[in-house]
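Everything on this sheet refers to the single structure shown next.
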Amino acid sequence: MWIYVAQGITYGFAAAVQPGSFQTYLITQALRHGWRRTLPAVFAPLISDGPIIALVLLVLSQVPPGLVHGLQLAGGLFVLYLAAGAFKAWRDFAGQKPERPQPAGSGVFRAALVNLLNPAPYLFWSLVTGPLLITGWRASPANGVGLLAGFYGAMFASLAGITFLFTAARQLGPAVTRGLLGLSALVLAGFGVFQLWQGLAAVAGG
């Protein structure tokens with residue numbers, strides 16, 4: 001079970017620090033309103049991810065195990081793609097001037113809508129965490145619970161950390177953001193290779 005908890009923590013952290021519309025929304029709210037008004041929006045995925053996970057698992061649960069293994073391979077490639085994007089953002093960060101996004105309003109439900117309309121969770125759950133959840137659950141329900149607990153625990157903690165960091169952005173400067181991007185690139189690359197290995201091993205053994 002602990003390998004699923006570890007993967008959940010890693011992917012939860014990576015999902016939280018990857019640049020995207022939801023993260024941009026949280027950063028904007030933290031810069032404008034501070035952490036007290038922004039922190040509840042961190043938990044918006046509890047609302048938006050339910051329909052996404054249900055849809056993805058409904059589709060994946062009807063397919064043979066071989067296709068799930070194929071999705072594991074595709075997910076490994078997708079994670080490596082995310083790692084390359086994070087590395088590029090880390091490499092070019094010093095020369096970028098962050099643009100001020102348009103305000104999207106405040107509140108948990110507005111944040112949930114931003115996340116629901118973001119394609120990243122659909123890709124992440126269909127290519128990465130969805131196949132892992134099904135594979136782990138088939139072996140033992142505790143694996144699936146561990147994956148979900150690790151994923152959301154790490155994601156909420158990381159999003160809360162981002163909220164606090166950007167509330168104090170003027171004092172901390174851009175080095176913290178660049179460091180998180182670099183760490184995310186390393187973590188994603190490692191687990192992308194690991195997931196490719198898992199998929200190849202399953203295909204070879206199946």
| query | When region 31-49 is examined, which residues are found to be surrounded by fewer than 16 Cβ atoms within 10 Å (Cβ to Cβ), part of a helix (DSSP H, G or I) and not aliphatic (A, V, I, L, M)? | reply | R32, H33, R36, R37, P40
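Tell me, yes or no, whether region 151-169 has at least one residue that is at pLDDT below 80 and either surrounded by fewer than 20 Cβ atoms within 10 Å (Cβ to Cβ) or in a helix (DSSP H, G or I) (or both).
yes
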| query | Are any of the residues in region 50-59 modelled with pLDDT of 80 or more, part of a loop (DSSP other than H, G, I, E, B) and either within 30 Å of R138 (Cα to Cα) or acidic (D, E) (or both)? | reply | no
| field | Considering residues of region 85-114 that are in contact with a Ser or Thr (Cβ under 6 Å, 6 or more places away or on another chain) and of a type in the set (A, V, I, L, M, F, W, C) only, the residue modelled with the lowest pLDDT | value | A86
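The values are calculated or read from the model by the stated rules, or taken from the named source; none is laboratory data. Here the structure is a predicted model, which means the values were calculated and not measured. No Cβ is skipped: glycine too gets one built from the backbone with ideal geometry, and neighbour counts run over all protein chains shown.
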